[in-house]
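First up is the structure itself, then whatever we jot down about it.
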């Protein structure tokens, strides 16, 4: 479970800024239309993805996201229904900080 009114940010950076970071959501189960995951390129703030609701395990699939130099992932929840914590799987030697 996650806290109501959560406002979380993770910065994913590769050891070398010239490297590409790949991010795959293996499962996402949050309250559609009320809780959101956003993914941005780290340096340009270009939007890579917005997600809400359920993905993976028979639901719709999120694409593999890639960004050179890193990315920023945010998660926001409202004060309503709480469901399973969003799961994120990364394929990189990157460091993740919150």
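Every read-out reported here was derived from the displayed coordinates using simple, explicitly stated rules and does not represent laboratory data. Note that the structure is a prediction, hence the values are computed from the model and not measured. No Cβ is skipped: glycine too gets one built from the backbone with ideal geometry, and neighbour counts run over all protein chains shown.
A compact table of results
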{"item": "Packing-based exposure ordering (other Cβ within 10 Å, fewest first) of 75, 34", "result": "34, 75"}
{"item": "For the range 1-50, projected area of the alpha-carbon convex hull averaged over all directions, nm²", "result": "4.6"}
{"item": "Extension reserve of the residue 38-residue 4 stretch, reckoned as 0.36 nm per residue once the Cα distance is removed", "result": "10.5 nm"}
